[in-house]
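Enquirer: First, the structure itself, so that you have it in front of you.
The values are calculated or read from the model by the stated rules, or taken from the named source; none is laboratory data. Computed from a predicted structure; not experimentally measured. Positions of Cβ are backbone-derived with ideal geometry, glycine not excepted, and every protein chain shown enters the neighbour counts. With ligands, DNA and RNA removed, areas are computed over all heavy atoms of the protein, side chains included. Shrake-Rupley method; radii C 1.70, N 1.55, O 1.52, S 1.80 Å.
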Amino acid sequence: MMFLRYATYRFITMLLTLWVVSILIFVIINLPPGDYLSNQIAELRATGQAEGVAKAEFLRTEYALDRPIWEQYLIWVGMAPGPQGWYGLIQGNFGWSFEFDRPVSEVVGDALWLTVLVNLAAVLFVYMVALPLGVIAAAKSETWVDYTAAFVGYLGLATPNFLLALMLFYYGNKYFDLPIGGLMAPEFEGEPMSWEKVRSILVHLIVPTFVIGTSGAAAMMQRLRANMLDELSKPYVETAKAKGLGPSKLLAKYPLRMAFNPFVADIGNLLPAMVSGSVLVSVVLGLQTIGPSLLTALKSQDQFLAGFVLMFVALLTLIGTMISDLLLVLLDPRIRYGARGS
């Protein structure tokens, strides 16, 4: 019952935080002078294209870009009626992309679930690599195992993602016949889901998952190793050894549980880091994620497209943070006690 109440509280907090973030996103996007349509109008007037100017002026009125910024925000979110009535983010309208001349929902389309898929695969890769390597490095501290793990970790941190992507781009295809670019074979794009399409996506995921997850796995492995070494130096470990507890059971029962809290807490930071870190990789590898769309939108001041993509990243961040908080409450009785006390 207490956990359900805490989960409800965290969900409401997440919604309120998302609302505040939406205000910040909208304000920051509108900080540069002008917008896509005003820039286009100035360019069309300079070239004497009256028809284009009339169309752009109509679009400014149609999407309320001629109104004060606070009113634009309320209409965008769906908290006030606009020229099209009550039809904003809350009502499921993501806006219009002026750069692509299509609804934002069509521009992002499959890119949304493909972005989630790529980054979930990267997160799983991070934990599958960092957890065993971090524990082994701590258990075999100051041995060749520890030094090898540290070398691999520092190499992962020092190698830029885009450089690693280019290397795997070439050598993966040359020696392992891995597909180059994209997240599926061209013949499956726009087609309904099938086993062949799923197989193609899984094969195409290998390189992006490794590239995006490498730096995160290296950082998390080093952090887990440091936490484990700190726990292994505490008196209770010596007491457990004196009582005859075996090394494997000792590691799993006490130090790993205590060192695991920051590991779980990192979920909240890992998801947005993966998404933001994958933008350049998506461009290099030609992935059909929201990364390239975000770059295009920010460069052209396509505010509705940029705003929706940034809101999507913020939502992933908040969901990741909420999941990590709930898992910590389940894993650590001290945190659960603190939740009851509040």
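Enquirer: Per DSSP H run of at least 4 residues, take -39500 (n - 2.57); add these up for the chain, divide by its residues and hand me the 222 nm value, nearest 500 deg cm²/dmol.
Expert: Dividing the helical sum by the residues of the chain leaves -25000 deg cm²/dmol.
Enquirer: Let me ask you something else. What is the list of residues in the range 133-156 whose amide nitrogen lies under 16 Å from a point 7 angstrom out from the Cα of Tyr175, following Cα to Cβ?
Expert: Taking a point 7 Å out along Cα→Cβ of Tyr175, no residue of the range 133-156 has its backbone N under 16 Å.
Enquirer: Could you estimate the translational diffusion coefficient of the range 163-316 from the Stokes-Einstein equation, with Rh from the Kirkwood formula over C-alpha pairs, at 10 °C and 1.306 mPa s, in whole µm²/s?
Expert: Result for D is 84 µm²/s.
Enquirer: While we're looking at this one, here's another question. In whole Hz, with x marking every Gly and Pro, tabulate ³J(HN,Hα) for the range 262-267 from phi via Karplus 6.51 cos²θ - 1.76 cosθ + 1.60, θ = phi - 60°.
Expert: x, 4, 6, 4, 5, 4
Enquirer: For the range 86-130, what is the Kirkwood hydrodynamic radius in Å, using each pair of distinct C-alpha atoms?
Expert: Taking every pair of different Cα atoms in the range 86-130, averaging 1/r and inverting gives 12.6 Å.
Enquirer: If the chain between Trp144 and Gln84 were fully stretched, how many nm would it gain, using 0.36 nm times the residue separation less the Cα-Cα distance?
Expert: 14.9 nm
Enquirer: With axes computed from alpha carbons, what is the tilt in degrees of helix 36-47 against the longest principal axis of the chain, rounded to the nearest 10 within 0 to 90?
Expert: Helix 36-47 sits at roughly 40 degrees to that axis.
Enquirer: Keeping the other protein chains in place, figure out the carbon and sulfur percent of the accessible area of the chain, with a 1.4 Å probe.
Expert: 68 percent
Enquirer: Would you mind computing the Rg to Rh ratio of the range 130-199 from its alpha-carbon coordinates, Kirkwood style for Rh?
Expert: Result for the range 130-199 is an Rg/Rh of 1.19.
Enquirer: Can you give me the distance in nm between label points at Met258 and Val116, each placed 7 Å from the Cα along the Cα-to-Cβ direction?
Expert: Spacing of the two 7 Å Cα→Cβ label points: 3.9 nm.
Enquirer: Under a crude label model (7 Å from the Cα following the beta-carbon direction), how far is Leu4 from Ala50 in nanometres?
Expert: Result for the modelled spin labels: 6.9 nm.
Enquirer: Let's test the formula: R0 of 22 Å, r as the Cβ-Cβ distance of Leu166 and Leu295. What FRET efficiency results, to the nearest 0.05?
Expert: 0.80
Enquirer: Quick one: accessible area per residue over the chain, 1.4 Å probe, rounded to a whole number of Å²?
Expert: On a per-residue basis, the chain sits at 54 Å².
Enquirer: Using Cα pairs closer than 8 Å and at least 6 residues apart in sequence, work out the relative contact order for the chain, in percent.
Expert: The value is 23 percent.
Enquirer: Binning at 5 angstrom from zero up to the longest distance, how are the C-alpha pair distances of the range 185-273 distributed in percent?
Expert: Computed distribution, short to long bins: 2, 11, 16, 13, 11, 11, 10, 8, 7, 5, 3, 2, 1.
Enquirer: Run the 1.4 Å probe and let me know the accessible area of Lys55, rounded to the nearest 10 Å².
Expert: Rounded to the nearest 10, the figure is 120 Å².
Enquirer: Further, regarding this structure: Quickly work out the Val283-to-Leu157 label distance, labels modelled 7 Å from Cα along the C-beta direction, and quote it in nm with one decimal.
Expert: 2.6 nm
Enquirer: Heavy-atom accessible area of Asp177 with all protein chains present, probe 1.4 Å, nearest 10 Å²?
Expert: My reading of the accessible area for Asp177 is about 120 Å².
Enquirer: Still on this model: Net charge near Thr13, counting Lys/Arg +1 and Asp/Glu -1 over other residues with Cβ under 15 Å of its Cβ?
Expert: +1
Enquirer: Return the whole-Å distance between the Cα centroid of the range 107-153 and the Cα centroid of the range 11-27.
Expert: 30 Å
Enquirer: Another question, if that's okay. Which whole-Hz couplings ³J(HN,Hα) result when phi for each residue of the range 191-204 is put into the Karplus expression 6.51 cos²θ - 1.76 cosθ + 1.60, θ = phi - 60°, listed in order with x for Gly and Pro?
Expert: 8, x, 5, 8, 4, 5, 5, 4, 4, 5, 5, 4, 5, 5
Enquirer: Now for a separate question. If you take the beta carbon distance between Ser105 and Asp230 as r and set R0 to 45 Å, what does 1/(1 + (r/R0)^6) give as a FRET efficiency, to the nearest 0.05?
Expert: Efficiency at R0 = 45 Å is approximately 0.40.
Enquirer: Work out, step by step, the length gained on full extension between Gln91 and Ile323: first 0.36 nm times the residue separation, then minus their alpha carbon distance; give nm to one decimal.
Expert: Extra length from Gln91 to Ile323 when fully extended: 81.0 nm.
Enquirer: Going through the range 176-245, which trypsin sites (Lys or Arg not before Pro) have at most 10 other Cβ atoms within 10 Å and a DSSP loop state?
Expert: Sparse-neighbourhood loop trypsin sites (Lys or Arg not before Pro): Lys243.
Enquirer: Given H placed on each backbone N at 1.01 Å, which residues far from Arg102 in sequence or on other chains put an amide H within less than 5 Å of it?
Expert: Hits under the 5 Å cutoff: Ser97.
Enquirer: Next up: In Å, what Kirkwood hydrodynamic radius results for the chain from the alpha-carbon pair distances?
Expert: 23.2 Å
Enquirer: Let me ask you something else. P(r) for the range 56-112, please, calculated from all Cα pair distances in 10 Å bins and given in %.
Expert: 24, 53, 22, 1
Enquirer: P(r) for the range 94-222, please, calculated from all Cα pair distances in 10 Å bins and given in %.
Expert: Histogram of Cα-Cα distances, whole percents per bin: 12, 31, 30, 19, 6, 2.
Enquirer: Ok, one more. Could you state the per residue volume, in Å³, of the convex hull enclosing the Cα atoms of the range 1-151?
Expert: Once divided by residue count, the hull of the range 1-151 is 212 Å³.
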